[in-house]
Amino acid sequence: MKRPEPVQIVKQRRDDALRALVGGVPYIQYLGMSFDRRGDELTGVLPFDKKLIGNPLLPALHGGVTAAFLEVTAVITLSWSYLWEDIESGSLDFDPSQGTRLPRLPKTVDFSVDYLRSGLPRDAYARARVIRAGRRYASVHVEGWQDNRDKLFAQATGHFVMPQRR
Amino acid sequence: MPDKLKLARQFIEAIPHAQDLSMTLAKMDAGEAVITMPYDERLIGDPETGVISGGAVSALMDTCCGAAVMCHPENGGGTATIDLRIDYMRAATPGQPITTRAVCYHVTRSVAFVRATATDDDTDNPVATATGAFTVEGKR
């Protein structure tokens with residue numbers, strides 16, 4: 001029987017893949033977003049920054065930033081779930097020295113955001129759930145919260161066109 | 001009345017995120033707003049093509065819809081987004097600014113309904129459209 005791989009190697013491979021997926025997108029860097037990973041579960045993290053304010057009187061996060069944060073979390077989570085098996089099997093290796101081309105990201109068809117309470121000047125978190133991913137289309141739901149996981153400040157549903165395999 | 005409009009204009013122009021994306025207000029009057037956002041490499045969502053991220057378009061749409069609500073004669077002051085749906089028709093052409101026109105087409109005592117369209121230089125083919133519901137604040 002094949003011995004299980006050492007945990008460091010598995011983690012390294014997963015983290016390299018995630019870094020390649022997220023690090024290549026300038027807009028994610030602009031927002032200052034990152035992703036926490038626990039196994040295959042991703043949590044989008046948006047640290048508060050003054051440039052993200054939409055209402056300076058409250059102050060509150062810009063509704064467009066909230067939408068963007070949820071959309072990026074949905075796209076990356078969808079991409080991640082679609083690449084997971086290839087990352088696990090090692091058939092997709094994100095070695096920058098090999099000049100591996102990044103897989104294309106899914107394209108957003110529509111995105112509908114529900115604003116439940118105003119976004120506070122604090123860090124925000126989001127987790128997406130792929131409701132259905134077919135060969136061509138996918139439907140994803142995403143929830144955003146700040147201080148309390150049970151008190152969502154926004155949620156959204158989006159439809160996406162899946163990238164064609166290279 | 002013109003004072004209210006001037007205040008609303010100042011408010012939109014003072015939004016830190018809108019300033020950070022260099023959004024400029026071309027029109028804001030009677031429930032209609034037009035805002036332009038220049039192309040910016042920081043906003044790229046697809047590094048292979050240089051196409052702007054949908055998220056940046058969302059920020060422009062939300063700002064413009066909010067501006068349309070704020071300048072509607074039936075709205076007393078500020079506003080907040082209740083929901084916003086964006087349909088992405090095509091990728092915006094890299095290098096071109098994006099202009100959004102939002103119209104607040106119906107207002108009740110508590111809700112404002114808004115539609116918006118975003119285009120690049122090819123103004124006949126929208127990049128994205130949006131529909132949203134916004135809060136209405138009491139008349140002052």
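The values are calculated or read from the model by the stated rules, or taken from the named source; none is laboratory data. Here the structure is a predicted model, which means the values were calculated and not measured. Glycine gets a Cβ as well: all are built from the backbone with ideal geometry, and neighbour counts include every protein chain shown. Quick note on the areas: whole protein, heavy atoms, side chains included, nothing else; ligands and nucleic acids left out. Shrake-Rupley method; radii C 1.70, N 1.55, O 1.52, S 1.80 Å.
So the values come out like this:
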{"item": "Residue satisfying all of: in region A:126-166; more than 25 Å from A:Leu92 (Cα to Cα) and assigned to a loop (DSSP other than H, G, I, E, B); most open to solvent (accessible area, probe 1.4 Å) among these", "result": "A:Asp150"}
{"item": "Some residue of region A:48-67 being closer than 19 Å to B:Leu60 by Cβ, within 12 Å of the chain's Cα centre (by Cα) and buried (at least 20 other Cβ atoms within 10 Å of the Cβ)", "result": "no"}
{"item": "Top-ranked residue in region B:94-111 [being open to solvent by 60 Å² or more (accessible area, probe 1.4 Å) and free of Cβ contacts under 8 Å to residues at least 40 places away in the same chain; ranked as nearest to the other protein chains (Cβ to nearest Cβ)]", "result": "B:Ser110"}
{"item": "Output for region B:67-89, where each listed residue is closer than 30 Å to A:Val161 by Cβ, out of contact with any helix residue (DSSP H, G or I) (no Cβ under 7 Å at 6 or more places or on another chain) and open to solvent by less than 10 Å² (accessible area, probe 1.4 Å)", "result": "B:Ala68"}
{"item": "Hits in region A:1-26 (condition: open to solvent by less than 50 Å² (accessible area, probe 1.4 Å) and more than 23 Å from A:Ala124 (Cα to Cα))", "result": "A:Val10, A:Arg13, A:Arg14, A:Asp16, A:Ala17"}
{"item": "Sole exception among (1) away from chain B (no Cβ under 14 Å); (2) at pLDDT 95 or above; (3) more than 30 Å from B:Arg90 (Cβ to Cβ) for A:Thr77, by number", "result": "(3)"}
{"item": "Some residue of region A:32-40 being out of contact with any Ser or Thr (no Cβ under 6 Å at 6 or more places or on another chain), facing chain B (nearest Cβ under 8 Å) and buried (at least 22 other Cβ atoms within 10 Å of the Cβ)", "result": "no"}
{"item": "Failed criterion for B:Arg42 (all others in (1) facing another protein chain (nearest Cβ under 7 Å); (2) closer than 11 Å to B:Gly132 by Cβ; (3) open to solvent by 30 Å² or more (accessible area, probe 1.4 Å) hold)", "result": "(2)"}
{"item": "Some residue of region A:72-94 being in a strand (DSSP E or B), of a type in the set (A, V, I, L, M, F, W, C) and under 16 Å from the mean Cα position of the chain (by Cα)", "result": "no"}
{"item": "From the options B:Thr93, B:Thr135, B:Thr49, residue that is among the hydroxyl-bearing types (Ser, Thr, Tyr) and closer than 30 Å to B:Asp3 by Cα", "result": "B:Thr135"}
{"item": "Looking only at region B:50-61, and only at residues there that are open to solvent by 10 Å² or more (accessible area, probe 1.4 Å) and within 7 Å of chain A (Cβ to nearest Cβ), the one that is farthest from the chain's Cα centre (by Cα)", "result": "B:Ser53"}
{"item": "From the options B:Ala91, B:Ala130, residue that is more than 17 Å from the chain's Cα centre (by Cα) and within 18 Å of A:Val109 (Cβ to Cβ)", "result": "B:Ala91"}
{"item": "Matching option when the condition is more than 28 Å from B:Ala133 (Cβ to Cβ) and in contact with a Ser or Thr (Cβ under 9 Å, 6 or more places away or on another chain), among A:Leu61, A:Leu21", "result": "A:Leu21"}
{"item": "Sole exception among (1) in contact with a strand residue (DSSP E or B) (Cβ under 8 Å, 6 or more places away or on another chain); (2) more than 7 Å from chain B (Cβ to nearest Cβ) for A:Phe111, by number", "result": "(2)"}
{"item": "Flag if A:Gln29 is open to solvent by 50 Å² or more (accessible area, probe 1.4 Å), of a type in the set (S, T, N, Q) and within 14 Å of another protein chain (Cβ to nearest Cβ)", "result": "yes"}
{"item": "Residue under evaluation B:Pro47, criteria (1) open to solvent by 50 Å² or more (accessible area, probe 1.4 Å); (2) more than 7 Å from chain A (Cβ to nearest Cβ), criterion not met", "result": "(2)"}
